[in-house]
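Colleague: The structure is given below, and queries will be raised subsequently.
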Amino acid sequence: MHKPEDIKELYQDVSEQTVEKFTIWADSVLFSWQWWIGVSLSIVPWILWIKYRRKESTLRLLSVGFFVMFISTLLDSIGVQLGLWYYLHAPLPLIPAFFPWDTTLMPVTVLAFLQFKPKINHYLKALLFAGLAAYIAEPFFTWINFYQPTGWRHIYSFTFYFIIYLISHKMFNGKSYRNFD
């Protein structure tokens with residue numbers, strides 16, 4: 001049976017590793033070209049979304065966007081904590097998840113898919129979104145050395161992306177927004 005001291009010691013180890021990670025980040029990542037790409041990927045898609053979004057659906061879109069941000073950050077953080085993958089050039093060193101992916105690229109892409117050709121079958125859009133994210137974006141981020149899976153396979157991600165899109169579609173088309181449009 002574990003004692004409270006064991007847990008305290010684990011937290012102290014994590015704290016020491018976090019300080020070490022921050023030092024490495026400050027020395028090797030901050031202001032590198034990879035850092036600038038991460039910062040740009042965190043900002044530019046939202047600027048484009050603000051400009052091109054369907055203005056009358058802003059509340060609905062933001063609600064879905066925040067859902068995607070929350071679930072993406074949660075699942076990404078769990079994956080990092082379990083050692084299923086890690087990030088080499090995160091713009092923010094103290095957040096285990098990859099900030100640009102979870103808070104910008106995922107939600108903005110989902111929102112774009114929801115707005116573009118809304119009459120296309122949502123299962124087809126979910127397949128396309130999941131395929132692009134799992135089999136194009138993830139390998140690209142691995143290739144440019146941002147994301148390193150350690151035993152995680154793209155098919156697992158595909159399943160999560162597919163489900164996230166379907167839930168997002170259901171939220172966006174929910175009846176609770178009828179009074180706000």
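Colleague: Considering only the range 12-22, I want to know if a residue exists there that is within 30 Å of residue 164 (Cβ to Cβ), in contact (Cβ under 8 Å) with a residue 60 or more places away in the chain and either in contact with a helix residue (DSSP H, G or I) (Cβ under 8 Å, 6 or more places away or on another chain) or in the same structural domain as residue 94 (by TED's automatic domain parsing) (or both).
Modeller: no
Colleague: Among the helices (runs of 4 or more DSSP H) confined wholly to the range 62-181, which include 3 or more residues that are crowded, with 17+ Cβ neighbours inside 10 Å and out of contact with any Leu (no Cβ under 6 Å at 6 or more places or on another chain)?
Modeller: 106-115, 122-132, 154-172
Colleague: Considering each residue of the range 106-163, count those that are within 20 Å of residue 37 (Cα to Cα), over 13 Å from the mean Cα position of the chain (by Cα) and aliphatic (A, V, I, L, M), and give that number.
Modeller: Total meeting the criteria: 3.
Colleague: Please determine whether any residue of the range 106-129 is within 17 Å of residue 145 (Cα to Cα), modelled with pLDDT of 95 or more and aliphatic (A, V, I, L, M).
Modeller: No, the conditions are met nowhere in the range 106-129.
Colleague: What tally of residues in the range 1-60 results from selecting those that are among the aromatic types (Phe, Trp, Tyr), in a helix (DSSP H, G or I) and farther than 25 Å from residue 109 by Cβ?
Modeller: Number of matching residues: 3.
The values are calculated or read from the model by the stated rules, or taken from the named source; none is laboratory data. Bear in mind that the values here come from a model prediction, so they are computed numbers and not experimental data. All Cβ positions, glycine included, derive from the backbone under ideal geometry; neighbour counts span all protein chains shown.
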